[in-house]
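*Asks:* Pasting a structure below so you can have a look.
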Amino acid sequence: MAETNVAQVEKKEPLFGKKERKLLVDPLNDNNPITVQVLGICSALAVTSLVYPSLVMAISVIFVTAFSSLFTSLLRHYIPKSVRMIAQLIIIASLVTVVELSLKALNYPVYKQLSVYIGLIITNCIVMGRLEAFAMANKPWRSFLDGIGNGLGYGAILLIVGFMRELFGKGTLFAGSPLEWKIVGPSADYLINTAGTGYMNNNLMVLPAAAMFVIGVIIWIQRTYNKKLIDVS
Amino acid sequence: MDYVNIFLKSAFIENMVLAYFLGMCSYLAVSKSVKTAFGLGLAVIFVLGITMPINWVINHYLLSENGLLHIDLTFLRLILFIAVIASMVQLVEMVVEKFSPALYAALGIFLPLITVNCAILGGSLFMVSREYTFGESVAFGLGGGFGWFLAIVAIAAIRERIRYSNIPAPLRGLGIAFILTGLMGIAFMSLMGIDPAALAAAK
């Protein structure tokens, strides 16, 4: 008897059902924050010249979106409508301060590399956008998943762009981290070129503008396969 | 002379949009017509020019260890800066509405949107990390705003024209806007070789 009871309860309100799964998976393709919702591009592009800082940035954003959604959703009945922007900003700013200080303590070189862009997670439109569009109207657990999903969608684009730019621009992957990998042996000066393998670095990919090209091409490829996203206007 | 240099440098050489990718969201979202882009650009110049000196004063006299409180409060920087920006935008909105209804009507909904424009907070954070003085921060704010204004008006003009050209369907709209911004960034890079300080010294 007890077992059927549990099953019934779970049926009513499953902790991780189809809807919850959709919240996590949807932002990866159909509703991607960067390529479809056009949110959070500001801080995304400048950090993607290397994979490792992109990874750190992605993890920070996932943390901030997830927990700001959770806290905003918990407080949603107590926040007056007229000051909700400032209330949300304070929640986000506190979380970003936590991220910034922890990163400073744990990994100073990456903190230096990311410089102001960690602080700029506050004005990252993904965070604000999801709070406004989702967390203010939904229960905490769902908002939390929605936050993680959107953070993942953002992080996926960041990693793809970082991967392309670092591989073609510098001939390395994960430079600066313990996983560092180079096209040639460790003795070659990978900043200038990778003599010996015939591979020359493509300096265009190191420029900030290359991030725009890579994302433009990602959008192109994505919309070729996902016809319903095509801009008809 | 130093202030002119900083103005030129932040407007052209280190353009907020094309070199640092700040304020990208509203840049891509509001650049479909030149008219709205123009209004948003003006509002950004205005808000950047005002918040930058205020944040400088707060950072210098309230948060730093040598300030009035003699306590290192820099960990409060992000929260205070964003609060200042949010309230300044609100205040600017009210003042403009009261004294210049024409300008208020022209800016419309773009004023409140500016709170979450990364260029504003980014400007303040750059100001701190580059250790500008008060006058330099004013010049940096106005110059950065002007650069942002130039970039958004330029892309809006290009996007108005490009609507009539034959682009592959999946690339239309957002995709081509990204690629255009990349090309504009490369074009602006040609200004990078100019060093205003060296030019002034040569005179």
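The values are calculated or read from the model by the stated rules, or taken from the named source; none is laboratory data. Everything quoted here is computed from the prediction, not taken from an experiment. When we count neighbours, we look across all protein chains shown, and the Cβ atoms used for this are built from the backbone with ideal geometry, even at glycine. What goes into the accessible areas is simple: the full protein's heavy atoms, side chains included, and nothing from ligands, DNA or RNA. Shrake-Rupley method; radii C 1.70, N 1.55, O 1.52, S 1.80 Å.
Rundown of residues vs (1) within 16 Å of the chain's Cα centre (by Cα); (2) open to solvent by less than 20 Å² (accessible area, probe 1.4 Å); (3) within 13 Å of chain A (Cβ to nearest Cβ); (4) under 24 Å from B:Ile120 (Cβ atoms), yes/no style:
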{"residue": "B:Gly145", "(1), (2), (3), (4)": "yes, yes, no, yes"}
{"residue": "B:Ser165", "(1), (2), (3), (4)": "no, no, no, no"}
{"residue": "B:Arg172", "(1), (2), (3), (4)": "no, no, yes, no"}
{"residue": "B:Ala177", "(1), (2), (3), (4)": "no, yes, yes, yes"}
{"residue": "B:Gly182", "(1), (2), (3), (4)": "no, yes, yes, yes"}
{"residue": "B:Ile186", "(1), (2), (3), (4)": "no, no, yes, no"}
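*Asks:* Sticking with this one: Scan region A:78-106 for residues that are of a type in the set (Gly, Ala, Ser), surrounded by 14 or more Cβ atoms within 10 Å (Cβ to Cβ) and either at the interface with another protein chain (Cβ under 7 Å from one of its Cβ atoms) or over 21 Å from A:Lys139 (Cα atoms) (or both) and jot them down. Even if it seems obvious, please write down each step before you answer.
*Replies:* Going through region A:78-106, the residues of a type in the set (Gly, Ala, Ser) turn out to be A:82, A:87, A:93-94, A:102, A:105.
Narrowing the set further to residues that are surrounded by 14 or more Cβ atoms within 10 Å (Cβ to Cβ) leaves A:87, A:93-94.
The answer is A:Ala93, A:Ser94.
*Asks:* Scan region B:54-82 for residues that are modelled with pLDDT of 85 or more and open to solvent by less than 40 Å² (accessible area, probe 1.4 Å) and jot them down.
*Replies:* Selection gives B:Asn55, B:Trp56, B:Ile58, B:Asn59, B:Phe81.
*Asks:* Same structure again: Of all residues in region B:85-98, how many are touching a residue at least 40 places away in the same chain (Cβ under 8 Å) and more than 10 Å from every other protein chain (Cβ to nearest Cβ)? Reasoning before the result, please.
*Replies:* Let us first name the residues in region B:85-98 that are touching a residue at least 40 places away in the same chain (Cβ under 8 Å), namely B:88-89, B:92.
Within this subset, residues satisfying the condition of being more than 10 Å from every other protein chain (Cβ to nearest Cβ) are B:88, B:92.
Final tally of qualifying residues: 2.
*Asks:* Looking only at region A:121-142, which residues are of a type in the set (A, V, I, L, M), surrounded by fewer than 24 Cβ atoms within 10 Å (Cβ to Cβ) and within 11 Å of another protein chain (Cβ to nearest Cβ)? Talk me through it step by step, then tell me what you get.
*Replies:* Residues of region A:121-142 that are of a type in the set (A, V, I, L, M), as a first pass: A:121-122, A:126-128, A:131, A:133, A:135-137.
Among the residues that remain, those that are also surrounded by fewer than 24 Cβ atoms within 10 Å (Cβ to Cβ) are: A:128, A:133, A:136-137.
Matches in region A:121-142: A:Met128 only.
*Asks:* Kindly check whether there is at least one residue in region A:149-171 that is in contact with a helix residue (DSSP H, G or I) (Cβ under 8 Å, 6 or more places away or on another chain) and at pLDDT below 80.
*Replies:* Checked region A:149-171: at least one residue is in contact with a helix residue (DSSP H, G or I) (Cβ under 8 Å, 6 or more places away or on another chain) and at pLDDT below 80.
*Asks:* Against the condition open to solvent by 10 Å² or more (accessible area, probe 1.4 Å) and within 11 Å of another protein chain (Cβ to nearest Cβ), how does B:Ser26 come out, does it pass? Quick ask: steps written out before the conclusion?
*Replies:* Working: open to solvent by 10 Å² or more (accessible area, probe 1.4 Å): yes; within 11 Å of another protein chain (Cβ to nearest Cβ): yes.
Yes, satisfied.
*Asks:* Next question. Can you pull out every residue in region B:99-156 that is free of Cβ contacts under 8 Å to residues at least 12 places away in the same chain and within 24 Å of A:Met128 (Cα to Cα)?
*Replies:* B:Ile109
*Asks:* Please tell me if A:Val47 is without any contact (Cβ under 8 Å) to a residue 40 or more places away in the chain, at the interface with chain B (Cβ under 10 Å from one of its Cβ atoms) and surrounded by 24 or more Cβ atoms within 10 Å (Cβ to Cβ). Spell out how you get there, then give the answer.
*Replies:* Working: without any contact (Cβ under 8 Å) to a residue 40 or more places away in the chain: no; at the interface with chain B (Cβ under 10 Å from one of its Cβ atoms): yes; surrounded by 24 or more Cβ atoms within 10 Å (Cβ to Cβ): yes.
Spelling it out, it is not the case that A:Val47 is without any contact (Cβ under 8 Å) to a residue 40 or more places away in the chain, at the interface with chain B (Cβ under 10 Å from one of its Cβ atoms) and surrounded by 24 or more Cβ atoms within 10 Å (Cβ to Cβ).
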